[in-house]
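*Asks:* Sending over a structure as structure tokens; questions will come in a sec.
All of the numbers you see were taken from the coordinates with simple rules; none came from a lab. Since the model is a prediction, treat every value here as computed from it, not as a measurement. Reconstructed Cβ throughout: ideal geometry from the backbone, glycine too, with neighbour counts over all protein chains shown.
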Amino acid sequence: MSDEPTTEARRPGQPVLESKVDEVGRGVLREILESSWVVTLFAVVAALVLGAILIAAADQHVQTTAGYFFARPSDFFNALGSAVGNAYSALFQGAVVNFHGTTFARVIRPITETMTVSTPLIFAGLGIGIGFRAGLFNIGAQGQIILGAILGGWVGFTFHLPVGLHLLLAVVGAAVGGAVWASIAGVLKATTGANEVIVTIMLNNVAVYLIGYLLTTPMLQAPGVNNPISPPTPPSAQYPLLLGSQFRLHLGFVLALLAAVVVWWLMERSTLGLRFRAVGANPHAARTAGMSVAWVTVWVMAIAGALSGLAGSAQVLGTETSGLTAGVAASFGFDAITVALLGRSKPLGTVLAGLLFGGLRAGGFAMQARTGTPIDIVLVVQSFIVLFIAAPPLVRAIFRLPTPGGPTRAQRRAQKRAARAAAQPVTEEVQA
Amino acid sequence: MSAPTTTRTAPAEPRVAALTPISWKLPIALTVLGLVALVFFGIVPAGGHHTTFRISTASDAFQISPVAVPSTATALVLSIVALALAGLSWWAAAGRRRLGVWLPAVFGVLWVLAFLCWAGAGKTIPLTGLLSGALFLSVPLVFGSMSGILCERVGIINIAIEGQLLGGAFLAAVVASLSGSPYLGLVAAPIAGALVGVLLVVFAVRYWVDQIIVGVVLNVLVIGVTNYLFSTVLTNNVGTWNRRTPLPVLAVPGLSEIPVIGPVLFRQTLLVYLLYVAVVILQIYLFRSRWGLRLRAVGEHPKAADTVGINVNRTRIRNTILGGAVAGLGGAFFTVGAGLAFGREMTGGKGYIALAAMILGRWNPIGALFAALLFGFSDNLQTTLGIVGTPIPSQIMLMTPYVVTIFAVAGLVGRVRAPASEGIPYTK
């Protein structure tokens, strides 16, 4: 497709539009503009702009100044700028660095919060990403996180074991809990062909009620308490804090990064990963090549579930150690889907996307506290980012970026001129 | 549905070769359930209690006195009849006879009655209230599953039902509150749903984005936008933007006086009557009209549809937007339908349940209606038993429909088959 316009543009009789040197320079620029990273960047920008529109629309001051827009437009633009600027600056300072911090700890605290919040997102996002690449749409991270938290938390506060062993067992327990829960969907898909989307959605709901029920039974409920809350996780089963007690950042974040490396190795360097990808790319071909699609399905779901279970462990053994509640998974399971999408199901991408969304979430709380802009704007920005990322042609159309493999602007212009010349040969001759 | 096709296309083939292996799933499942009912509702509980079923509501013209039955004896009889039905299904399966859906349906009713006898021992169960509440709670599920059917039959997977419901609920509340008329809210709700439908279909058809991804993201987007507007605009001035404007109950004269059926079916709001109309129209038009034929052709085999001159993408766009509008109308249930003000994420995952109802109903409007009613019933049963007091924890009750759906999707109820080309963008 890319060759055709080029030959057409270089027809004899057409002027040569650009010199060789110019072409090389443009080639590099084009390559940059065509890359998926630029699309990602512009998608984030577009989503932030749309978020800004919402922030401005709901701002009282902007609304009043818009009332007399034609009398004094400058007032409107000032109000607009300050509303959006304040909100986004608070978001940034809540997510990365707090410029107003009095101590060094306060200044860097936001970035550690971002890492803490992103830990479950990275874990679960990695699992969902593996599913995507194997052609499975696992919406069940939410339920798998809950089951991981149940089992991890239960191991944590039930047994009394030496320091290292206790944490290890609790973490393994969390992974097993998530893996077993996800395997239900995997086994059903492999044996009966049950749609994994529906089964995992249903398992999410079952998990919510299951934890609600278990928190009213002696298995999870703290003794002598009427609320549905478990006993706190003992220190021996907690992830050690990385930067001392001033920060919430714990070893779970490092584990998440390690998991990303392991997932990279698994998907890119191991036989198992090759099978996963082969089944995802073309299950019929994979079957013909002698792979068991059913077996791969069960494995993928189990691994994805184990990673989601680890996300649950990051919560119950790291961030929220005061006791397991029904809200342990928050909306991490659903956010992780968008994280995996944004990260294009690759481990590095997922880590970066997890950090971005973790930052948006951590910063969102700061923004809500400082400027009163509700944190829900973060959801809007997140979903717009994913929508734009999923539709690169849309982003390219908005920002007039070149299409990969498509004609350059100069070529298009030449093409148009040629078409015009062909359509009106008489007028061209007269003008000549 | 597949049986007549086989006989029509291959009448000459020897019948023996066409025989499929006997499926014992249904008889086994029914027998196990029947035995559970027999043992746990009929034999194990101590006798001597009575379960009272209240049939009339206070406002009925003809009052029927409540029926009190001995709990264990009735449960015993009901479960024995249910087991007899299970035996019938063994006989049918062994002889490869098709008995239709009435058998599991009647079995289900008997089982639930036996369960109610047990759960309501020594108490009063308001039967009419239980049923009318079930219909009421299933309204968004029915509209949602109708939307799902419209979209999936035309080849677009609509995971965004949840978002369409939420958008409909939001706009219905705002418009009804601003105008003071709940009926204007009913008019506005489909617009919000259709807008979500537009986004879904634009990304699915124009940009070929994975439809499940778009659906999931649109759900998050609608949650974000409605939450944001709720906590900024709506809470700033509740009296103007988010007043409670309930739809009035319109009793159909005459019909609403029939015992049990009257209060359940004909003493409802306009939204419920619209639901009857929607299901009937969809069931007829989907299978008996040119529009329905084209819609299904596009969803099953778009290339063939294109060959005979049907514009595939235009058909998809129009019907997905229509589907969004239907789900949006269902969203009105949460605010004007239920007489509540708008609240954050008030649809609470009902869109996903609607999706399950659609699959359980095998992409058929009537089937989906009954599946949705099943969900609505179990939801309301939990509430009712919560009020009268029950031996079962409420979470286990709430969990049941989801577990049932998993079993259903896994093929215990029968293999379900989605429209062949759903989720695949059409390119020439």
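*Asks:* If we count every other residue with Cβ under 14 angstrom of B:SER231's Cβ, Lys/Arg +1 and Asp/Glu -1, where does the sum land? Write down the numbers at each step before the final one.
*Replies:* Values: positive: B:ARG344; negative: A:ASP59, A:ASP376, B:GLU345.
Overall, the nearby charge balance is -2.
*Asks:* Shape of chain A from its Cα gyration tensor (a ≥ b ≥ c, root eigenvalues): rounded if a/c is under 1.5, otherwise prolate when a/b > b/c, or oblate? Mind dumping the intermediate values first?
*Replies:* Numbers: a/c = 2.54, a/b = 1.49, b/c = 1.71.
Oblate shape, in that a/c is at least 1.5 and b/c is the bigger or equal ratio.
*Asks:* Kindly state, to the nearest 0.05, the FRET efficiency for A:VAL262 paired with A:ALA294, given R0 = 30 Å and r defined as their beta-carbon distance.
*Replies:* On the way: r = 24 Å, r/R0 = 0.81.
The value I calculate is 0.80.
*Asks:* Taking H placed 1.01 Å from N in the peptide plane, check which residues at least 5 places from B:ILE157 or on another chain put their amide H under 5 Å from its amide H.
*Replies:* Distant-sequence amide H within range of B:ILE157: B:GLY423.
*Asks:* Follow-up question, since we're still on this one. Going by a ≥ b ≥ c, the root eigenvalues of the Cα gyration tensor, does the range B:201-255 fall in the rounded group (a/c under 1.5), the prolate group (a/b larger than b/c) or the oblate group?
*Replies:* Details: a/c = 4.38, a/b = 1.44, b/c = 3.04.
In terms of gyration-tensor shape, oblate.
*Asks:* What is the sum of charges around B:ALA354, taking Lys and Arg as +1, Asp and Glu as -1, for the other residues whose C-beta is under 14 Å from the C-beta of B:ALA354? Don't skip to the answer; put the middle values down first.
*Replies:* Details: positive: B:LYS350; negative: B:GLU152, B:GLU162, B:ASP379.
For residues surrounding B:ALA354, the net value is -2.
*Asks:* Would you mind ranking B:ILE424, A:ILE128, B:ILE406 by Cβ crowding within 10 Å, fewest neighbours first? Intermediate results must be reported in sequence, preceding the final value.
*Replies:* Details: B:ILE424 14, A:ILE128 30, B:ILE406 22.
By the 10 Å Cβ count, ascending: B:ILE424, B:ILE406, A:ILE128.
*Asks:* Could I ask something else about it? Can you spot the lysines whose alpha carbon is less than 30 Å from A:LYS189's alpha carbon? Ignore those fewer than 8 places along the same chain.
*Replies:* List returned: A:LYS346, B:LYS25, B:LYS303, B:LYS350.
*Asks:* Another question, then. Rank the residues B:GLU152, B:GLU162 as a footprinting-exposure proxy: fewest other Cβ atoms within 10 Å of their Cβ go first. Mind showing how you got there, number by number?
*Replies:* On the way: B:GLU152 23, B:GLU162 31.
Result, fewest neighbours first: B:GLU152, B:GLU162.
*Asks:* Enumerate the helices in chain A for which the Kyte-Doolittle hydropathy averages -1.0 or more and the C-alpha atoms extend at least 27 Å along the helix's axis, using complete DSSP H runs.
*Replies:* On the way: long enough: A:36-58 (33 Å, 2.51); A:73-95 (33 Å, 0.38); A:104-133 (42 Å, 0.90); A:163-192 (44 Å, 1.64); A:293-314 (32 Å, 1.65); A:347-371 (34 Å, 0.80).
Membrane-span-like by this criterion, though nothing is claimed about a membrane: A:36-58, A:73-95, A:104-133, A:163-192, A:293-314, A:347-371.
*Asks:* Based on other C-beta atoms within 10 Å, arrange A:SER89, B:SER79 from fewest to most. Kindly include the intermediate steps, with their values, before the conclusion.
*Replies:* On the way: A:SER89 15, B:SER79 28.
In increasing order of surrounding Cβ atoms, one gets A:SER89, B:SER79.
*Asks:* Which shape class, rounded, prolate or oblate, goes with chain B when its Cα gyration tensor gives a ≥ b ≥ c as root eigenvalues, a/c under 1.5 marks rounded, and past that a/b bigger than b/c marks prolate? Let's see the in-between values first.
*Replies:* On the way: a/c = 2.04, a/b = 1.12, b/c = 1.82.
Oblate.
*Asks:* Step through the residues of the range B:75-87 one at a time and calculate ³J(HN,Hα) from phi using the Karplus curve (6.51 cos²θ - 1.76 cosθ + 1.60, θ = phi - 60°), rounding each to whole Hz and writing x for Gly and Pro.
*Replies:* 4, 4, 4, 4, 6, 5, 4, 4, 5, 4, 4, 4, x
*Asks:* Along Cα→Cβ, 7 Å out, is where each label goes; now give me the distance between the ones at A:HIS61 and A:PHE77 in nm to one decimal.
*Replies:* Using points 7 Å along Cα→Cβ, the separation is 1.7 nm.
*Asks:* Let me ask another. Among residues other than A:LEU379 whose Cβ falls under 13 Å from its Cβ, what is the net charge (Lys/Arg +1, Asp/Glu -1)? Show your work: numbers first, answer last.
*Replies:* Details: positive: A:ARG361, B:ARG344; negative: A:ASP335, A:ASP376, B:GLU345.
That works out to -1.
*Asks:* Using amide H atoms built 1.01 Å from N in the peptide plane, name the residues 5+ places from A:HIS250, or on other chains, whose amide H lies under 5 Å from its own.
*Replies:* Those qualifying (amide H under 5 Å, at least 5 residues apart or on another chain) are A:LEU242.
*Asks:* Picking from A:PRO240, A:PRO218, A:PRO110, which is most flexible by a Gaussian network model of chain A using Cα springs under 10 Å?
*Replies:* Largest GNM mean-square fluctuation: A:PRO218.
*Asks:* Can you tell which of A:PHE132, A:PHE388, A:PHE69 shows the greatest fluctuation in a Gaussian network model of chain A with Cα springs below 10 Å?
*Replies:* Of A:PHE132, A:PHE388, A:PHE69, the most mobile in the Gaussian network model is A:PHE69.
*Asks:* May I ask you to list the lysines whose Cα is less than 24 Å away from that of A:LYS416, ignoring any residue fewer than eight positions away on the same chain?
*Replies:* Within the straight-line limit of under 24 Å, A:LYS416 reaches these lysines: A:LYS20.
*Asks:* At a threshold of 8 angstrom on Cα-Cα distance, excluding pairs fewer than six apart, so keeping six or more, what relative contact order does chain B reach in percent? Write out the running numbers ahead of the final one.
*Replies:* On the way: 777 pairs, mean separation 101.9, N = 428.
RCO, chain B: 24 percent.
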